[in-house]
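What follows is a set of notes on a single structure, which appears directly below.
Just so you know, all these numbers are worked out from the coordinates, no wet-lab data involved. None of these values were measured; they are calculated from a predicted model. Virtual Cβ from ideal backbone geometry, glycine too; neighbours counted across all protein chains shown.
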Amino acid sequence: MLTPERHRIILELLKEKNIVKIAELVEATDTSESTIRRDLTQLEQEKYLKRVHGGAARLQGKLEELSMTEKSSKNNLEKRKIGQYAASLVDEGDCIYLDAGSTIFEMIAFLPIDIVVVTNGLSHVNALMDKGIHTYVLGGYAKPTTKALIGRGALSSLEQYRFDKCFLGVNGIHPQMGYTTPDQEEAMIKNKAISLAREVFVLSDASKFSEIAFAKIAELHEANIITNELDIDMKEQYTSKTNIKVVTS
């Protein structure tokens, strides 16, 4: 079977099912697993799909975003491990930026107390104050779904600070499209925070890789990535573009 025909079959199956296992594609195309893996790599690079463990998923640019409550209920153990490792990178005396987001929230329990935090995450404020951390909150519009402060006021107040370290959440991490999020105003805040920090870290579980959302935040090399797992092929693809720490325990 010629390559274009295999690609057509793969994409048709993804359109029907959204997620397809490699074994299904091998059977449908009557070809080898190694050939299918090469096909999936090529189609991912061309932004038709995303590789997932054991197969592929349909890739679609996303405008919709889960609420903070919905996000908080997903992949909790993985997020906590990522958050704990990220917090270990913070030294006493640091001034840091904490982006709004459920994975970033998991850092707070493990942070040292003698630091200064600036955040646009309304959900973070009580936890930071309860821990006794000096906390500054951006101004701006309070977005109901993600509990993030965004807009002109947030940008203006953010510009008054400089950070030792910046910790961000994203909705998509892609080899060509970089870091993305559904809301362009949130993307602007994240991009500005990156420009104000000496070191930048994106915290993400494995589900965000190869995803593309509507608004671009930055290129891959502009931040280090902390995640919970990546298969070998995907890890090689991303480590050629930025530093990745995979937290396994």
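Could you check which residue among 204, 195, 32 shows the biggest mean-square fluctuation in a GNM of the chain with a 10 Å Cα cutoff?
32
Of the residues 42, 184, 84, which exhibits the maximal mean-square fluctuation in a Gaussian network model of the chain defined by a 10 Å Cα contact cut-off?
42
Using alpha carbons only, how many degrees (0 to 90, rounded to 10) separate the axis of helix 76-88 from the longest principal axis of the chain?
Taking the Cα atoms of the chain, the angle to 76-88 is about 50 degrees.
Longest segment of the chain with no trypsin sites (Lys or Arg not before Pro) in a DSSP loop having at most 15 other Cβ atoms within 10 Å?
75-161
Using alpha carbon centroids, what distance separates segment 29-52 and segment 151-190, in Å?
Here the answer is 31 Å between Cα centres.
Are there any GluC sites (Glu not before Pro) in segment 74-126 that are in a DSSP loop and have at most 11 other Cβ atoms within 10 Å? List them by number.
Passing sites in segment 74-126 are 92.
Pick from 210, 156, 102 the residue whose mean-square fluctuation is largest in a GNM of the chain, springs joining Cα atoms under 10 Å.
Result for the chain, Cα springs under 10 Å: 156 fluctuates most.
What do you get for GluC sites (Glu not before Pro) in segment 145-236 restricted to DSSP loop and a cutoff of at most 16 other Cβ within 10 Å of the site's Cβ?
159, 219, 229
Given R₀ = 22 Å, what would the calculated FRET efficiency be for residue 84 paired with residue 184, taking r from the Cβ atoms and rounding to 0.05?
FRET efficiency, residue 84 to residue 184: 0.10.
Can you list residues whose amide H is under 5 Å from residue 228's amide H, if they're 5+ apart or on another chain and H is modeled 1.01 Å from N?
Amide H neighbours of residue 228, under 5 Å, 5+ apart: 206, 247.
Could you please report the charge total around residue 20, scoring K, R as +1 and D, E as -1 over all other residues with beta-carbon less than 12 angstrom from its beta-carbon?
So the environment of residue 20 carries a net charge of +1.
Compute the label zone of residue 236 within segment 194-225: residues whose backbone N is under 19 Å from the point 7 Å along Cα-to-Cβ.
210
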